[in-house]
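> Let me give you the structure first, and then I'll get to my questions.
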Amino acid sequence: MDGNGRWAKKRLLPRFIGHQKGLNAVKRVVSHCSELGVRSLTLFAFSTENWRRPEDEVNKLMGLFLKALQREVGKLDENNVKLQIIGDRSAFSEEIQANIELAESRTADNVGLVLNIAANYGGRWDVVEAVKKWQEKNPHSPISELDEQALGQHVCLAGLPEPDLLIRTGGEQRISNFLIWQMAYTEFFFTPTLWPDFDESSIDEAILSFSQRERRFGKTGDQVKSC
Ligand code: FPP
């Protein structure tokens, strides 16, 4: 969800206003994806590297995160959305951690859209944690037994389909340590639209582009067509 700061700067507003508008875009996108029947949506809200931002911005982002957890969970629940937070939550305040647990348990049995918020998340962290979890679960197994299938069961989002589509807003064309394991075969869609301007029609445009791609998963185009 890139471009909040630039959106605000263009309007001579403080960066935080861009993040507030970004939260409105989150609500629009979640609601639209839910209506479209998207199975799983993962939003990159705060990376392990975002702690390097000015203290004031980090504090305000934490405040927004807390407020969103407290105020939006009821509506998510009403709409059958299952909320999950992925990332290392131990760095968050106790209040945020408690609200994460409340929001997750309240929506745990919902069977609609699975909404994953990546917070203090990094793809490399995810892979390292998965190795540790595998070792904890298999303390007597030699490391030679660890394979892609076994590791894949311990990364975040295990059990959900691998992402079909990555959308990056704000004009950058990089992955920035997002779901590096899970996105091995994901289609990428880059757009100059700044995140606060991202709306229902932007989602539709990305999905239309995705629907026109030929996904080969290593096979030839002829093989795929004959399936
Ligand atoms: C990146 O834009 C955005 C963030 C680091 C924060 C994302 C947060 C929100 C969208 C609002 C809160 C969301 C939740 C789920 C509580 P940037 O600041 O890097 O923008 P720039 O590239 O224009 O500077």
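> Quickly work out the Ser226-to-Ile143 label distance, labels modelled 7 Å from Cα along the C-beta direction, and quote it in nm with one decimal.
Between Ile143 and Ser226, the simple spin-label model gives 4.2 nm.
> Now for a separate question. Suppose we take every Cα in the chain and form the convex hull; what volume per residue is that in Å³?
About 149 Å³ per residue, rounded to a whole number.
> Also: How big is the C-alpha Rg of the stretch 21-149 next to the rule-of-thumb value 2.2 N^0.38 Å, as a ratio?
Cα Rg divided by the expected 2.2 N^0.38 Å: 1.19.
> Taking the Cα centre as origin and putting +1 on Lys and Arg beta-carbons and -1 on Asp and Glu beta-carbons, what dipole magnitude results for the stretch 101-227, to the nearest 20 debye?
I would put it at about 400 debye.
> How big is D, in µm² s⁻¹, for the stretch 1-96 by Stokes-Einstein at 25 °C and 0.890 mPa s if Rh is the Kirkwood radius over C-alpha pairs?
My calculation gives 168 µm²/s for D.
> Hey, what did the chain get for relative contact order, percent, Cα under 8 Å, at least 6 apart?
25
> Over the residues of the stretch 109-227, compute the C-alpha Rg and express it relative to 2.2 N^0.38 Å.
Its radius of gyration relative to the 2.2 N^0.38 Å reference: 1.28.
> When a/c is below 1.5 the answer is rounded, else prolate if a/b is larger than b/c, else oblate, so apply that to the stretch 168-221 with a ≥ b ≥ c taken from the square roots of the Cα gyration tensor eigenvalues.
Here the stretch 168-221 falls in the oblate category.
> How large is the dipole of the chain about the Cα centre if only Lys and Arg carry +1 and Asp and Glu carry -1, each at its Cβ, rounded to the nearest 20 debye?
Here the size comes out at about 640 debye.
> In a GNM of the chain with a 10 Å cut-off on Cα contacts, which of Ser31, Ser144, Ser47 has the highest mean-square fluctuation?
In the Gaussian network model the winner is Ser144.
> Under a 5 Å amide H to amide H cut-off, with H placed in plane at 1.01 Å, what residues pair with Leu165 once short-range neighbours are removed?
Here Glu187 satisfy the definition.
> Nearest 0.05, what FRET efficiency do Glu187 and Lys9 give at R0 = 41 Å with Cβ-Cβ as r?
Efficiency computed from Cβ-Cβ geometry: 0.85.
No lab work stands behind these numbers, since they all come straight from the coordinates. Remember, it's a predicted structure, so these values are computed and weren't measured experimentally. When we count neighbours, we look across all protein chains shown, and the Cβ atoms used for this are built from the backbone with ideal geometry, even at glycine.
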